[in-house]
Every structure is written in C-alpha cells, then in structure tokens.
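The numbers here are math on the coordinates, done by the rules we state, and not lab data. Nothing here was measured: the structure is a model prediction, and the numbers come from that model. Note that we place each Cβ from the backbone using ideal geometry, even for glycine, and neighbour counts take in every protein chain shown.
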Amino acid sequence: MINNKKFEVAKKTISLMDDGFCCSEAIFISVATYFEKEFDTRVISVATPFRAGIGLSKESICGAFSGGLLVIGYFFGRDNCSESDVHCQELASRFLEKFNSEFSSLQCSELIKMDACKQLTGRTAELLVEILRDEKKFQLS
C-alpha cells in the first residue's frame, strides 16, 4: 500500500512538472498535499527561485532537493527562536543522506547528466515520503 502511494506521489510530481511547475514547486505541492490536503498555496512561491539549481543556473544545489527541504521546514520548522529545531535538522540530515545515497551529488548540472529531471524529482518525492510517513504528526488517531 505504501509503495503504491509513493508511486502516486512520484506520478503527481511528474504531472505537475508537465503542467509547467518547476522541480522545487512540484515536489513541494505533491508531498505537502500527500500529508495535508490543504495548505497555504502562497508557500509555493517560496520554492520558485530554487528551479534548476537556483535561478536556472544549473550550477548549484538541485531544485528537487531544495523543494524537499522546504517541505521539511513547512511541517517541522520552528516559528520562533525559542523553539527547538533539532527534529527538523535531523529530518533534513536524513533526507540529505538518502538523496546522496541515491544520486551521489547535490549539484544540478551533475544530476541532469545522470537522469532526466522529471524522473529524478519524482524519485526525490518518494524518498521524502519514506522519511516523513512515520512521523507522529502524520499518524491517524
């Protein structure tokens, strides 16, 4: 069941890119809606500049990875500096580890050579679901 849902998130991510959303926006939308049906859509605009290695440069960090970090921050980031950010940082670290294990690089230009961007972004959405699905925040009562 989980594998099928992960596949659906990957499919939705790719479909969003086919519709014109960039990698960072598509991963944010697909994974955020997987866990929370409604969210403030203004948040999508925060993902926009991370497209294709930040500002279309293809020389910096992967937009799909950046979008994934935005999802982690959206759900687990802190609202003020008196709150702990330890759990959010742990999730980001696990995401980084899984991403590096899967793709061996964070640099957009290297990743585009290895894999089609849409497929990589879909797989990144699956990795993120794997990390976040067991979080208590998303468990049904």
Given a cut-off of 25 Å, name the pairs among Lys5/Lys118; Lys12/Lys37; Lys58/Lys137 whose C-alpha atoms lie farther apart than that in the structure shown. Lys58/Lys137
Please rank Lys58, Lys137, Lys11, fewest neighbouring Cβ atoms within 10 Å first, as an exposure proxy. Lys137, Lys11, Lys58
J(HN,Hα) series, segment 60-74, from Karplus relation 6.51 cos²θ - 1.76 cosθ + 1.60, nearest Hz, glycine and proline x: 10, 5, 4, x, 5, 5, 4, x, x, 5, 5, 4, 4, x, 4
Residues Phe7 and Cys81, FRET efficiency given R0 of 35 Å [Cβ-Cβ distance, rounded to 0.05]: 0.35
Which of Phe65, Phe7, Phe75 has the fewest other C-beta atoms within 10 Å, and how do the rest follow up to the most? Phe7, Phe75, Phe65
Taking every pair of alpha-carbon atoms in segment 47-110, give the share separated by more than 21 Å as a whole percent. 30 percent
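Considering every pair of different Cα atoms, what Kirkwood radius, in Å, is found for segment 1-105?
Over segment 1-105, the inverse of the mean reciprocal pair distance is 14.4 Å.
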